[in-house]
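A short worksheet on the structure shown next.
Quick note: the coordinates plus some simple rules give every number you see, no bench work behind them. All figures in this text were calculated on a predicted structure; none of them were measured in a lab. As a convention, Cβ positions derive from the backbone with ideal geometry for all residues, glycine included, and neighbour counts pool all protein chains shown.
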Amino acid sequence: MFDPMSDLVPSVPPPEATSAPSFGRGQGGDGSNREYGKELHSITIHAKQRTFYVDLKESANGKFFKVSEKSRGGRKTTIMFDAEDLDAFLNALQEMKSKL
């Protein structure tokens with residue numbers, strides 16, 4: 001199975017990126033920024049209490065989606081899934097939508 005976390009590569013951000021933290025980057029234990037794959041496309045969804053980030057990324061293992069949410073209180077949660085599983089997620093969301 002595809003593991004988007006398997007090829008974490010340290011990345012040094014450009015100097016202007018260090019002044020404002022990017023939601024898509026994590027802080028390594030050594031203080032270095034780490035980027036999880038190359039970003040191909042990104043969409044931001046502003047909801048009532050939260051902001052959602054949907055990113056299509058690519059690593060050496062293939063393409064994957066990273067879906068993150070940031071609550072008003074600053075709490076962040078992220079899931080990642082293989083691009084091959086997108087249809088399963090869309091079908092599940094359509095089923096949930098039909099129950100509304």
Problem set entry | Vicinal HN-Hα couplings computed from phi for the range 41-48 (Karplus, 6.51 cos²θ - 1.76 cosθ + 1.60; Hz; Gly/Pro x) | 7, 9, 10, 10, 10, 9, 9, 4
Exercise. How large is ³J(HN,Hα), in whole Hz, for each residue of the range 70-84 in order, when computed from phi with the Karplus curve 6.51 cos²θ - 1.76 cosθ + 1.60 and θ = phi - 60°, using x for Gly and Pro?
Worked result: 10, 7, 4, x, x, 5, 10, 9, 9, 10, 10, 8, 5, 4, 5
Problem set entry | Hypothetical label at N61: residues of the range 73-100 whose amide nitrogen lies under 12 Å (7 Å Cα-Cβ projection) | 80-83
Exercise. Which whole-Hz ³J(HN,Hα) couplings does the range 94-100 yield from phi under the Karplus relation 6.51 cos²θ - 1.76 cosθ + 1.60, θ = phi - 60°, glycine and proline marked x?
Worked result: 5, 4, 4, 4, 5, 8, 6
Exercise. How would you rank 81-88, 92-99, 56-63, 70-77, highest first, on the average number of other Cβ atoms within 10 Å across their residues?
Worked result: 56-63, 81-88, 70-77, 92-99
